[in-house]
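Structure, as structure tokens:
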Amino acid sequence: MRIDIHTHSAVSDGTQTPADVMASAKDANLDIVALCDHDSMAGWDEARSAAQLHGIQFVPGMEVSTRAHGTSVHLLSYWHDRSAPDVDAMIAKTRDARIHRAQAIVELLAKDFPVTWADVVAQSGGAVTVGRPHIADALVAAEVVADRSAAFTEILRPGSAYYVPHYAPEVVSAVKTMRAAGGVPVLAHPYAGRAGSELPTRVIERAVKAGLVGIEVDHRDHTDEQRGRLRALADQLGLVVTGSSDYHGTGKPNQLGENLTTEEAFAQLEAAR
Ligand code: AMP
Ligand code: FE
Ligand code: FE
Ligand code: ZN
């Protein structure tokens, strides 16, 4: 069984429709796939229908934007109730903050580069959740940079004069909210922070106390050495170890199935529902 439980569609910052993500998943010989758009579940229905068509088991997921000590932390959640009011309120607030933040970044950029908010809106297409990747696309369209990666390393990275953060709930509170909605929370790429920064163990321990079930270990942005230390930590804290592609279509080099979750780990996530 080939299990990839972290992918994105154009509902957030991926480049394919949810149905096309599932078609690509079929081409990549995946058996179980989760769609985890940032702060939105708007792709679930389309992805589920397409997955069914291709004989893929669909897992409804989401990557929740959260924070810990002022730094950005990504939290995956699976199978939560899509109509839980607390979840809806939490992600609606974040999505709204993301729009104001993106506008603030564009205001800074416009002083030095030929980009406008209208360009970013045009690039974001039908995205429900706006992010820096859409600003990156506007910079690419304006021929300021060659691709998204260059936009991030040269202009949009935290610490750059053009970087503006956005509001997001504390990770512990987000874990509780997703758990209360019947979700299975899994910490996304905890050691993939900016400039090699790693999420402190004390934060992970607090998340475990709040109901964290798993931790994404096998991810392109983790070195082998980091994966080793994360496996040991997962063992110590009783966390399920996952591996995923974090596929974003052509928006990132990540390929479907490049990292996988074992059947045993997936069964443990299901058992935690
Ligand atoms: P934001 O959520 O607006 O802060 O933007 C973060 C998103 O940008 C992440 O979810 C990634 O998908 C994307 N991202 C981060 N670094 C890169 C990169 N080097 N190239 C392409 N996309 C990136
Ligand atoms: Fe993303
Ligand atoms: Fe992420
Ligand atoms: Zn992701």
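What net charge do the residues around residue 184 carry, taking every other residue with its C-beta under 10 Å from that of residue 184, with Lys and Arg at +1 and Asp and Glu at -1? Before the final figure, lay out the partial values.
Values: positive: 179, 273; negative: 270.
With Lys, Arg at +1 and Asp, Glu at -1, the net is +1.
Suppose every K and R has +1 on its Cβ and every D and E has -1 on its Cβ; what is the size of the dipole of segment 1-135 about the Cα centre, in Debye to the nearest 20? It would help to have the intermediate numbers written out before the result.
Details: 11 positive and 17 negative charges, 48 e Å.
Dipole about the Cα centre, nearest 20: 240 debye.
Roll a 1.4 Å probe over the protein heavy atoms and report the accessible area of residue 167 in Å², nearest 10.
100 Å²
Determine the dipole magnitude for the chain: charges of +1 sit on the beta-carbon of Lys and Arg, -1 on that of Asp and Glu, nothing else is charged, the reference point is the Cα centre, and the result goes in debye to the nearest 20. Show your work: numbers first, answer last.
Details: 25 positive and 35 negative charges, 155 e Å.
Value, rounded to 20: 740 debye.
Which order do 90, 62, 1 take by accessible area at a 1.4 Å probe, largest first? Working shown, then result.
Working: 90 20, 62 0, 1 120 Å².
Largest accessible area first, the residues go 1, 90, 62.
Could you work out the relative contact order of the chain, using alpha carbon pairs under 8 angstrom and six or more residues apart, expressed as a whole percent?
On the way: 543 pairs, mean separation 63.0, N = 273.
The normalised contact order for the chain reaches 23 percent.
Rank these by accessible area, largest first, 1.4 Å probe: 48, 148, 194. Mind showing how you got there, number by number?
Details: 48 100, 148 25, 194 130 Å².
Accessible-area ranking of 48, 148, 194, largest first: 194, 48, 148.
Spelling out what I want: for every residue of segment 78-85, take phi, set θ = phi - 60°, compute 6.51 cos²θ - 1.76 cosθ + 1.60 (Karplus), and round to whole Hz; glycine and proline get x.
10, 6, 5, 5, 5, 9, 5, x
For residue 235, tell me the accessible area in Å² from a 1.4 Å probe, rounded to the nearest 10.
130 Å²
Give me the dipole magnitude in Debye, nearest 20, for segment 122-273 about the Cα centre, with unit charges on the beta carbon: positive for Lys and Arg, negative for Asp and Glu.
Numbers: 15 positive and 18 negative charges, 118 e Å.
So the magnitude is around 560 debye.
Apply the Karplus curve 6.51 cos²θ - 1.76 cosθ + 1.60, θ = phi - 60°, to the phi angles in segment 43-56 and return the couplings in whole Hz, x for Gly and Pro.
x, 4, 4, 5, 5, 5, 4, 5, 4, 4, 4, 8, x, 9
Highest first, please rank the peptides 120-128, 182-190, 242-250 by the mean number of other Cβ atoms sitting within 10 Å of their residues.
Working: 120-128: 17.2, 182-190: 24.9, 242-250: 23.1.
Peptide ranking by packing, descending: 182-190, 242-250, 120-128.
If you build the Cα gyration tensor of the chain and take the root of 5 times each eigenvalue, what three semi-axes come out, in whole angstrom, biggest first? Present the calculation step by step, with values, prior to reporting the outcome.
Working: eigenvalues 156, 91, 65 Å².
So the three semi-axes of the chain are 28, 21, 18 Å.
Calculate one ³J(HN,Hα) per residue across segment 63-68 by plugging θ = phi - 60° into the Karplus curve 6.51 cos²θ - 1.76 cosθ + 1.60, and present them in order as whole Hz with x for glycine and proline.
10, 8, 6, 9, 9, 8
Would you tally the net charge around residue 40, using a Cβ to Cβ cut-off of less than 14 Å, leaving residue 40 out, and scoring K and R as +1, D and E as -1?
On the way: positive: 82, 93, 95, 98; negative: 13, 37, 39, 45, 46, 63, 88, 96.
Residues close to residue 40 contribute a combined charge of -4.
Rounded to the nearest 10 Å², what accessible area does residue 273 show when all protein chains are kept and the probe is 1.4 Å?
150 Å²
So what's the back-of-envelope 222 nm ellipticity for the chain, counting only DSSP H runs of four-plus at -39500 (n - 2.57) apiece and dividing by all residues, rounded to 500?
Taken over the chain, the calculation gives -12500 deg cm²/dmol.
The values are calculated or read from the model by the stated rules, or taken from the named source; none is laboratory data. The structure presented is a predicted model; accordingly, all values stated were derived computationally and were not measured. Reconstructed Cβ throughout: ideal geometry from the backbone, glycine too, with neighbour counts over all protein chains shown. Only protein heavy atoms, including side chains, enter the accessible area calculation; ligands, DNA and RNA are left aside. Shrake-Rupley method; radii C 1.70, N 1.55, O 1.52, S 1.80 Å.
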